[in-house]
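All remarks here apply to the structure that follows.
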Amino acid sequence: MADYDYDVLVIGAGPGGYVAAIRAAQLGLKTACAEGRATLGGTCLNVGCIPSKALLHASEYFDAAANGAMASMGIKVKPELDLDTMQGQRKDAVKGLTGGIEFLFKKNKVDWLKGYAQFQDAHTVEVDGKTYSAKNIVIATGSSVTPLPGVEIDNAKGVVVDSTGALELSSVPKKMVVIGGGVIGLELGSVWRRLGAEVTVVEFLDQLLPGMDMDVRKEAAKIFKKQGMTLKLGTKVTGVEVKGKKAKVSVEPAKGGDAETIDADVVLVAIGRRPDVDGLGLDKIGLELNQRGQIETDHDFATKVDGVWAIGDVIPGPMLAHKAEDEGLAVAENIAGMTGIVNHDVIPGVVYTQPEFAGVGLTEEAAKERGAVKVGKFPMLANSRAKTNHEPDGFVKVIADAETDRVLGVWCIASVAGTMIAQAAQAMEFGATSEDIAYTCHAHPTHSEAIKEAAMAVTGKPIHI
Ligand code: FAD
Ligand code: NAI
């Protein structure tokens, strides 16, 4: 071991990389983490999960005051938007949390190598002109925005932006066009709609939120329309023309038909993200990418190159912070000779709009491809807490194996669906049947009771509908 500077060197300090580095250090391994950004925490803490949630949270309050939701509960206010302060609290949230990771690195004696790392060989990287060697190197370089051919993103100008630009707008656009009806488009589109923008979402597919259960996707379209978004589903963007501070977005039906143009002050391009391996020098270690530009690993997160591991957005699977974190824990434990496992069948996904959309496990469509299923559904309208809180939208859906009753998937639309889905994930990790959930005592009155009732509905016996 003495031949190497480190036992473990992690490249990238996002939720995958920083967790891997801290866990490796906790396990007694001499650890370094290379990160080129000025602050730790990766996409998630700097320009992703955290700043987007800061704006979603604040804009939700504004919307509740502006749209009459507060007045309906006897709170009469006329909100006035102070966007500088709102953006200030977003920056504070990011600063606090990224600083927190720096503190944790110091506490756990993880060396932060400041700069972008490039492989020299499988055990050596160069960072800012210096070389460092390690017995194990973990690639956790994350992902970046997928560009739309022919459409130039210029966050500084603020007309055609990606998610980072859309978080930093200094005024509320009058008209915003969102290209892509996925998670980013709906979350950030919701932020600016709540603050007063007219938002049009252009989605290539026939429904929003690909990957989610079809019932959820159809309901999402109804809910976002009701909230005032214009949805152009089954529509493709053929070009964006920018003149000064305005843009014209040309669209046409995906299956062919009449073209039209939509005026916009801001165009958000949110058509997905792709693995970030630029400048890593993978050719120097003979590591090839798959057809989707991802690094393939085995079950233990080892790549084909001895001593080189990979986790997070840069490998296959959902591009989610908690998936990256769990892989970070597992890879460090595997390097330390323990058994680190991630169950990729049980990774929850949440869209943090209002209501929230959440799911874990199989969609009904995917479950049916594997065999016969039983499905139980329960509307939030019949849940006492949601009804009392004036939150009628949504439902819970539990999908179970028709023969064994084992839960295969749970889908939720509710104000707190992101919190509710945790119990479903836990139940599935423990191999629960729908009957197990139905006979678990849930506190009353809580939104979570809707999960119990949906589980009861699998065998046809909910109480409240
Ligand atoms: P990243 O977080 O992308 O971190 C990789 C880091 O590696 C970066 O800091 C980069 O600078 C660094 N790096 C790259 N190359 C090198 C190199 N050669 N040398 C040194 N450093 C390098 N996920 C959720 O689960 N929940 C959410 O609410 C959520 N919201 C999101 C909102 C937005 C707007 C976006 C864009 C993403 C969101 N995500 C969310 C996705 C989440 O951010 C990612 O899945 C997660 O950050 C992936 O973690 P990672 O560690 O793999 O990579
Ligand atoms: P996405 O994959 O969620 O959605 C992209 C959408 O764009 C899809 O619906 C796709 O059909 C559509 N699309 C693709 N090309 C198009 C075109 N030319 N014209 C119109 N529509 C087109 O990707 P998104 O929203 O960019 O998010 C990227 C990643 O970040 C996701 O994988 C997601 O997991 C992660 N993320 C997670 C969040 C969360 O967990 N709450 C929040 C934000 C991002």
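A few notes on this one:
- Residue match in the range 141-159 (condition: touching a Cys at 6+ places or on another chain (Cβ under 9 Å) and within 16 Å of ligand 2 (Cβ to nearest atom)): yes
- Tallying residues that are without any contact (Cβ under 8 Å) to a residue 60 or more places away in the chain, among the polar types (S, T, N, Q) and either assigned to a loop (DSSP other than H, G, I, E, B) or crowded, with 20+ Cβ neighbours inside 10 Å (or both) within the range 350-394 yields 1.
- Selection within the range 15-56: residues that are over 30 Å from Asp82 (Cα atoms) and in contact with a Ser or Thr (Cβ under 6 Å, 6 or more places away or on another chain). The member of this set that is farthest from ligand 2 (Cβ to nearest atom) is Ala25.
One line per residue, one yes/no per condition, for (1) away from ligand 1 (no atom under 16 Å from the Cβ); (2) outside any helix (DSSP H, G or I):
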{"position": "Ile50", "(1), (2)": "no, no"}
{"position": "His57", "(1), (2)": "no, no"}
{"position": "Lys78", "(1), (2)": "yes, yes"}
{"position": "Leu81", "(1), (2)": "yes, yes"}
{"position": "Gln89", "(1), (2)": "yes, no"}
{"position": "Lys95", "(1), (2)": "no, no"}
{"position": "Glu102", "(1), (2)": "no, no"}
{"position": "Phe105", "(1), (2)": "no, no"}
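- In summary, Gly180 fulfils each of the numbered conditions (1) over 12 Å from Val266 (Cβ atoms); (2) away from ligand 2 (no atom under 16 Å from the Cβ); (3) not basic (Lys, Arg); (4) not assigned by TED's automatic domain parsing to the domain that holds Gly281 with the single exception of condition (2).
- When Lys387, Lys377, Lys397 are checked against the criterion of being within 30 Å of Ile341 (Cβ to Cβ), in contact with a helix residue (DSSP H, G or I) (Cβ under 7 Å, 6 or more places away or on another chain) and either at pLDDT 95 or above or in the same structural domain as Phe224 (by TED's automatic domain parsing) (or both), Lys397 stands alone in meeting it.
- Looking across Thr261, Thr238, one residue alone is surrounded by fewer than 17 Cβ atoms within 10 Å (Cβ to Cβ), within 14 Å of ligand 2 (Cβ to nearest atom) and over 30 Å from Glu296 (Cβ atoms). It is Thr238.
- Matching residues in the range 174-192 - criterion: being surrounded by fewer than 23 Cβ atoms within 10 Å (Cβ to Cβ) and away from ligand 1 (no atom under 16 Å from the Cβ): Lys174, Lys175
Here's the yes/no breakdown for (1) at pLDDT 95 or above; (2) assigned to a helix (DSSP H, G or I); (3) surrounded by fewer than 24 Cβ atoms within 10 Å (Cβ to Cβ); (4) not polar (S, T, N, Q):
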site: Val410; (1), (2), (3), (4): yes, no, no, yes
site: Ile421; (1), (2), (3), (4): yes, yes, no, yes
site: Gln426; (1), (2), (3), (4): yes, yes, yes, no
site: Gly431; (1), (2), (3), (4): yes, no, yes, yes
site: Ala450; (1), (2), (3), (4): yes, yes, no, yes
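- Among the residues making up the range 130-146, those that are closer than 9 Å to Arg273 by Cβ and assigned to a strand (DSSP E or B) are Ser143, Ser144, Val145.
The values are calculated or read from the model by the stated rules, or taken from the named source; none is laboratory data. Keep in mind the model is a prediction, meaning the values are calculated, not measured. As a convention, Cβ positions derive from the backbone with ideal geometry for all residues, glycine included, and neighbour counts pool all protein chains shown.
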